[in-house]
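I have placed the structure first, in the form of structure tokens, so that the comments after it can refer back to it.
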Amino acid sequence: MRFRTSAAVAAVSSLALLTGCGAADMTKQASPFANAQGAKTVTLSVQSWVGAQSNVAVAQYLLEHELGYRVDTVQVDEVPAWDALSQGRVDALLEDWGHPEQEQRYVKDKKTIAPGGELGVTGHIGWFVPTYFAKKHPDITNWKNLNKYADQFRTPESGSKGQLMDGSPSYVTNDKALVKNLKLDYQVVFAGSEAAQITQMRQFAKEKKPFLTYWYSPQWLFKKVPMTEVKLPPYKEGCDADPEKVACAYPHTPLQKYLNADFAKKGGKAAAFLRKFKWTTEDQNEVSLMIADKKMTPEDAAKKWVDSHESTWKKWLS
């Protein structure tokens, strides 16, 4: 699912960025520190959305300043992150939105990845319109009425159909199947990244134009651009089992952490800390807002949060 990696304070950061077809295979580019024998170093995977970056920024800050570890971060897409974690190229993945195939393969079958516990945040993907449009057209919040408004969502990119804006093609998305199976007069258009999607939404909002977008919570942008969810057919267990036949809403997913199995056993205080790392949606959004909207560096944002939330993070060190 969901930008930048934070640089390590006490080490040279190794960055391998996967952006899709033709990109380098990060799983063959080992961090110089991952699984290094005897080195007091941790390598964290960071996904491309700012919420994931916030998790890593705070974890990195505390690992370095409270536990004395050197931290390396690697930015990698969602599915390749599982491959890297299994192979020991990274030690921990702090925010997973649900990948049952990878969980079956690596956690249950190969046992090369170990569960790290819940992050404490529940994720939800959905379709949203700006609240100013929903107030003017209340029935837009029912998916059955979307075709009625398709012409108002047209863009040059979507042609004669309404635009359903998505972020990166690498994110968890059922949108193309949903549009087809619900017989909607819309075209899925990828902005390319979370940052690009946010830029487009803020521009639409500034001009009070209508837009329909794939979006998710937790996400700091809701504070800046209020949005209302369009209700899709209710989610039921198994309704999304066949990617080609999906015709239901996205689930509410308690976000999970995962550790490389060897690191889970031999990672000492760092592994114990990451298992205990658990915060709220409000905590994550607070750091994300500092990074994405106030343009603070991830390290500065993490320090500010750490300085004012000692009662929260002290528990992770005990």
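Key figures for this structure:
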quantity: Sites matching trypsin sites (Lys or Arg not before Pro) across segment 58-146 that sit in DSSP coil, with at most 14 neighbouring C-beta atoms within 10 Å; calculated: 110, 111
quantity: Beta bridges by DSSP in segment 123-252, antiparallel share as percent, to the nearest 5; calculated: 60 percent
quantity: Rounded accessible area per residue of the chain, 1.4 Å, Å²; calculated: 45 Å²
quantity: Three-way shape call for segment 178-304 based on the alpha-carbon gyration tensor, with the a/c threshold at 1.5; calculated: oblate
quantity: Shape category assigned to segment 123-252 from the gyration tensor of Cα positions, a/c cut at 1.5; calculated: rounded
quantity: Within the chain, percent of DSSP bridges classed antiparallel, to nearest 5; calculated: 55 percent
quantity: Separation of the residue 307 and residue 242 label points, Cα + 7 Å toward Cβ, nm; calculated: 5.7 nm
quantity: Förster-model FRET efficiency, 25 Å R0, residue 144 and residue 224, C-beta, rounded to 0.05; calculated: 0.25
quantity: Restricting segment 171-224 to trypsin sites (Lys or Arg not before Pro) in coil, as DSSP defines it, with at most 15 other Cβ within 10 Å; calculated: 183, 208, 224
quantity: Inter-label distance for residue 160 and residue 297, nm, one decimal - labels placed 7 Å from Cα along Cα-to-Cβ; calculated: 5.4 nm
quantity: Carbon plus sulfur fraction of accessible area for the chain, probe 1.4 Å, in percent; calculated: 51 percent
quantity: Loop-located GluC sites (Glu not before Pro) in segment 233-318, at most 12 other Cβ atoms within 10 Å (DSSP); calculated: 237, 244
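The values are calculated or read from the model by the stated rules, or taken from the named source; none is laboratory data. Note that the structure is predicted; figures quoted are calculated from it, not measured. Cβ coordinates were reconstructed from backbone atoms using ideal geometry, including for glycine residues, and neighbour counts include every protein chain displayed. In case anyone asks, the SASA skips ligands and DNA or RNA and just uses the protein heavy atoms, side chains included. Shrake-Rupley method; radii C 1.70, N 1.55, O 1.52, S 1.80 Å.
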